[in-house]
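The values are calculated or read from the model by the stated rules, or taken from the named source; none is laboratory data. These numbers come from a predicted model, not from an experiment. Here the Cβ positions follow ideal geometry from the backbone for every residue, glycine too, while neighbour counts run over all protein chains shown. All accessible areas refer to the heavy atoms of the entire protein, side chains included, with ligands and DNA or RNA removed. Shrake-Rupley method; radii C 1.70, N 1.55, O 1.52, S 1.80 Å.
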Amino acid sequence: LSIVESDPLPSGEAWEAQPELNPPNRQDETDAVGAETETLVTVSDVLLRIWTAGVIVTGLWLMGVNLRFASKLKKTRCALADFDCKIPVYVSEVVETPCLIGLFRPAIYVTPDAAAESGVLRHAVEHELTHLRHGDHIWSLLRGVCILIHWYNPLVWWAADLSRNDAELAAL
């Protein structure tokens, strides 16, 4: 006795009519549904747009704060002509403590109180020159870039603050 088994795979027309067996047809159906709605928004698209908006807002905020501060400094600064230093030293009432400002042409800004006493002025300028030797003005820019890219991460903001504190301690 012999048993004839039927072919488990359907013939040509039956194969094309069954999308679960025919992946290309199933993809065509998926594309047709997508074309009908015309708006396939994925979670990654939404997250990318949120991240981009955060980068733009954070970048504008960082740029605005720094440009406003630099503008105030330029309006209120007065050069210390009799002080011998390899970079310009200015006195400004805008700064709360002596600081090093500038990426390409760095300058030292001191408070009027620091400029009034020669010992304090000498110490403040040496402190800021140490920042310059360590490249802290460049590290400050890199901290800003890290904050810009990772604006959503509080640990990056904290790390940037710790890095700034470490730069201050290293310049003592």
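Going by the conditions given, is Asp28 surrounded by 11 or more Cβ atoms within 10 Å (Cβ to Cβ), of a type in the set (Asp, Glu), more than 27 Å from Val120 (Cα to Cα) and at pLDDT below 90? So Asp28 fits the description; yes. For segment 91-113, check the following and say yes or no: at least one residue is among the acidic types (Asp, Glu), under 17 Å from the mean Cα position of the chain (by Cα) and surrounded by fewer than 15 Cβ atoms within 10 Å (Cβ to Cβ). No: segment 91-113 contains no residue that is among the acidic types (Asp, Glu), under 17 Å from the mean Cα position of the chain (by Cα) and surrounded by fewer than 15 Cβ atoms within 10 Å (Cβ to Cβ). Taking segment 124-162 as the range and being closer than 23 Å to Ile50 by Cβ and open to solvent by 80 Å² or more (accessible area, probe 1.4 Å) as the test, the residues that pass are Tyr152, Pro154, Leu155, Trp157, Trp158.
Restricting attention to segment 31-77, the residues that are open to solvent by 80 Å² or more (accessible area, probe 1.4 Å), at pLDDT 90 or above and among the hydrophobic types (A, V, I, L, M, F, W, C) add up to 11. Just give me the residues in segment 114-149 being within 15 Å of Ala171 (Cβ to Cβ) and not in a helix (DSSP H, G or I), in sequence order. Once the filter is applied, which keeps residues that are within 15 Å of Ala171 (Cβ to Cβ) and not in a helix (DSSP H, G or I), segment 114-149 yields only Gly135. Condition first: without any contact (Cβ under 8 Å) to a residue 12 or more places away in the chain and in contact with a helix residue (DSSP H, G or I) (Cβ under 6 Å, 6 or more places away or on another chain). Can you find one or more residues in segment 107-120 that meet it? Yes: one or more hits.
Could you pull out the residue among Leu162, Leu148, Leu169, Leu155 that is without any contact (Cβ under 8 Å) to a residue 24 or more places away in the chain and more than 20 Å from Thr97 (Cβ to Cβ)? Among Leu162, Leu148, Leu169, Leu155, only Leu155 is without any contact (Cβ under 8 Å) to a residue 24 or more places away in the chain and more than 20 Å from Thr97 (Cβ to Cβ).
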